[in-house]
1. Among the residues of region 123-142, which ones are assigned to a helix (DSSP H, G or I) and charged (D, E, K, R)?
2. Restricting region 48-75 to residues that are part of a helix (DSSP H, G or I) and within 25 Å of Pro25 (Cα to Cα), which is nearest to the ligand (Cβ to nearest atom)?
3. Give Thr78, Thr124 a once-over and let me know the one that is outside the structural domain of Asp239 (by TED's automatic domain parsing) and either more than 12 Å from the ligand (Cβ to nearest atom) or modelled with pLDDT of 95 or more (or both).
4. Can you give me the ranges of the strands (runs of 3 or more DSSP E) entirely in region 1-46 with at least 1 residues that are among the acidic types (Asp, Glu) and surrounded by fewer than 23 Cβ atoms within 10 Å (Cβ to Cβ)?
5. Looking only at region 263-298, how many residues end up being open to solvent by 40 Å² or more (accessible area, probe 1.4 Å) and not in a loop (DSSP other than H, G, I, E, B)?
6. Would you pick out the residues in region 150-173 that are open to solvent by less than 20 Å² (accessible area, probe 1.4 Å) and either assigned to a strand (DSSP E or B) or not hydroxyl-bearing (Ser, Thr, Tyr) (or both)?
7. Within region 243-256, is there a residue that is surrounded by 13 or more Cβ atoms within 10 Å (Cβ to Cβ), part of a strand (DSSP E or B), at pLDDT 95 or above and more than 23 Å from the chain's Cα centre (by Cα)?
Amino acid sequence: MARILIAGAGVGGLAAAHRLRRQLPAKDEIVVVDQSPVHIFWPSLLWLMTGTREERQVQRPLSALKERNITVVNAPITALDPAKKSIVAGDTRWTGDALVIALGAALQPKVVPGLADEAGNFYTVAGARAVWELLHTIDQGRIVVLISCIPFKCPAAPYEAAMLIDGVLRKHRRRERVSLELFAAEPAPMGVAGHQVSQSIITALADRVIAYHPNHVVSRVDPGGHRLEFSDGAAVHYDLLAYVPPHQVPSVVAEGGLAPAGGWVEVNRETMETSFPNVFAIGDVTGITLGLGKPLPKAGVFAHRQGEV
Ligand SMILES: Cc1cc2nc3c(=O)[nH]c(=O)nc-3n(C[C@H](O)[C@H](O)[C@H](O)COP(=O)(O)OP(=O)(O)OC[C@H]3O[C@@H](n4cnc5c(N)ncnc54)[C@H](O)[C@@H]3O)c2cc1C
């Protein structure tokens, strides 16, 4: 009997678990470990943020996996030992014949002074809800959508967010009194998809009168004064801030020696193997350079397929 450990029950971890369950004999054990009791479908946070979904509609309990002969452990992983293919979750050490690291990217708003004190981190359930709380009542002023860092997951999401916010304001006939701006740490939208795609998004923003400010790296936030400061000295006032926080590799992954300081897990892009035998990494936790020299975006569509690999 073999045991496969899967660290993380997000998009990649669940795809790997389901594929392995189909391919392995029933006696082989598949153990999925996650700190959350529910799987959240992250793309739907944009709908939570714009009031077209409720929290219960964007999540499913992980306990349902038990019906498919997949063991679920609900506990935070506090240590990883890739050489031994083991993890510590809660107060239990689990050792497997193979280990799949699918822990995603850790959101770190504290990296930017003041940012964590702002509620509108729409990459979390609570933050998306907080944006909606203000958005459905704001009657005048300035809404800023902020991309605080690169890389960030789903290169399209903040642009989609700005356009959805525009749609809400128009629907409720408040758009003329509320200005909408997007400040981005990156030079252009979805650069990995090429110049033509970037330009079409810039045009779509302009069509909706969403002012776009690329190459703006936020250096400080004053939540009390509702003010953003950028590394080039520019500053802007906001009445509502919806932001993408800095992303980093989860600390437990770095401490386990699987990623260099400030980097991501390196893998064989054909097999998803790490440098440790029978230890694989998939999804947002990895750093993969494409043939064109740019990093593969962090996105669910890639995490899912990598899970199947
Ligand atoms: C607002 C938004 C919109 C998006 N839209 C799209 C889209 O339209 N298309 C698309 O392809 N992608 C989209 N994405 C990106 C997509 O959701 C991610 O790329 C994808 O979820 C990555 O999958 P993953 O398995 O690598 O990580 P995740 O899905 O983030 O899963 C990681 C799991 O690990 C768990 N975990 C982390 N640390 C620990 C720990 N120490 N102990 C235990 N468990 C831990 C977490 O609880 C989580 O369940 C969007 C993301 C956001 C936030």
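The values are calculated or read from the model by the stated rules, or taken from the named source; none is laboratory data. In this text, all values refer to a predicted model and were calculated from it rather than measured experimentally. As a convention, Cβ positions derive from the backbone with ideal geometry for all residues, glycine included, and neighbour counts pool all protein chains shown. Remember, those area values only see protein heavy atoms, side chains included, never the ligands or the DNA or RNA. Shrake-Rupley method; radii C 1.70, N 1.55, O 1.52, S 1.80 Å.
1. Residues satisfying the conditions are Arg129, Glu133.
2. Leu62
3. Thr78
4. Answer list for region 1-46: 29-34.
5. The total comes to 4.
6. Hits for region 150-173 are Phe152, Ala157, Pro158, Ala161, Ala162, Ile165, Asp166, Val168, Leu169.
7. Taking every residue of region 243-256 in turn, none turns out to be surrounded by 13 or more Cβ atoms within 10 Å (Cβ to Cβ), part of a strand (DSSP E or B), at pLDDT 95 or above and more than 23 Å from the chain's Cα centre (by Cα).
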